[in-house]
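Engineer: Please find one structure pasted underneath; my questions will follow.
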Amino acid sequence: MRVDRQPRCRCRVGPGRFEVRARIERFAEPTVLLLLAEGRSHGYQLADHLEELLDEGRVDFGNLYRLLRALEEEGLVASTWSEESPGPQKRVYELTGEGAALLDAWAASLKARRERIGALLGRYEALEERVRPRDGGIYQGSDRSDDQGGDPR
C-alpha cells in the first residue's frame, strides 16, 4: 500500500542540480498571531496580509479559517461579530493573552533558528570565498576529491 507523502524539502533535478525549498512548517500560525498582535482583523484582511508575508501564493481560505477556529478553541484567539464595516457582518478576530504568550514563544524559537541559519550561511560564504566554484558547485574543482580518492565528477 502506497502512502502519499508531503513533497520533500529537496529533490534532485539533474546531475549535480537540486531544487531546495527552505520551508518552515506551520509558519502561517506565527504569522496570523503576529498580524492579530498588530490589531483586530477579519479573515479577508488576514488573507491579504498573509499573502504579503508568506511566499506561498494565494491563501487558501479554508485552511485559514480552520487555523483561526483551532486557535480560538485553544483560547489563543477570540472572535466577535462586527457590523462596523459596510456589507454583511464579519467575524473579527483578536489575540488573547495566551495567544500573545504563544507569539513570544514562536519569536524566541525563530530567533534561535535565525542564529543557526546565520552561522551555517556564514560558514558557507567563507568556504565559497576560499574555493571558487567552476561549474556551479563549491566542491567541484576543490581538494575535496581527496575524500573519495579521485575526481568528484
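The values are calculated or read from the model by the stated rules, or taken from the named source; none is laboratory data. None of these values were measured; they are calculated from a predicted model. Note: ideal-geometry Cβ built from the backbone for every residue, glycine included; neighbour counts use all protein chains shown.
Engineer: Could you look through the range 10-61, keep only residues that are more than 26 Å from residue 84 (Cα to Cα) and in contact with a strand residue (DSSP E or B) (Cβ under 9 Å, 6 or more places away or on another chain), and pick out the one that is modelled with the highest pLDDT?
Structural biologist: 13
Engineer: Assuming residue 137 fulfils every condition listed in (1) surrounded by 10 or more Cβ atoms within 10 Å (Cβ to Cβ); (2) modelled with pLDDT of 80 or more apart from one, which condition is it?
Structural biologist: (2)
Engineer: Which pairs do you get when a residue that is over 14 Å from residue 32 (Cα atoms) and of a type in the set (Gly, Ala, Ser), found in the range 76-97, comes within reach of a residue that is at pLDDT 90 or above and part of a strand (DSSP E or B), reach meaning Cβ atoms under 6 angstrom, with the pair 6+ apart or on two chains?
Structural biologist: Matching pairs, first to second residue: 82/92.
Engineer: Take residue 129 and tell me if it is modelled with pLDDT under 90 and either at positive phi or among the acidic types (Asp, Glu) (or both). Show your work before the answer.
Structural biologist: Working: modelled with pLDDT under 90: yes; either at positive phi or among the acidic types (Asp, Glu) (or both): yes.
Yes, satisfied.
Engineer: Okay, moving on. Residue 106 passes all but one of (1) among the hydrophobic types (A, V, I, L, M, F, W, C); (2) within 27 Å of the chain's Cα centre (by Cα); (3) modelled with pLDDT of 80 or more; (4) over 18 Å from residue 27 (Cβ atoms); which number fails?
Structural biologist: (4)
Engineer: Please go through (1) aliphatic (A, V, I, L, M); (2) in contact with a Gly (Cβ under 8 Å, 6 or more places away or on another chain); (3) without any contact (Cβ under 8 Å) to a residue 60 or more places away in the chain for residue 54 and return the number of the only condition it doesn't satisfy.
Structural biologist: (2)
Engineer: Shifting gears a bit: Return a yes/no flag: does the range 76-94 have any residue that is on the phi > 0 side of the Ramachandran plot, over 22 Å from the mean Cα position of the chain (by Cα) and not aromatic (Phe, Trp, Tyr). Please lay out each step first, then the result.
Structural biologist: Residues of the range 76-94 that are on the phi > 0 side of the Ramachandran plot, as a first pass: 87.
From the residues that got through so far, the ones that are over 22 Å from the mean Cα position of the chain (by Cα) too are 87.
So of that shortlist, the ones also not aromatic (Phe, Trp, Tyr) come out as 87.
Yes, that holds for at least one residue.
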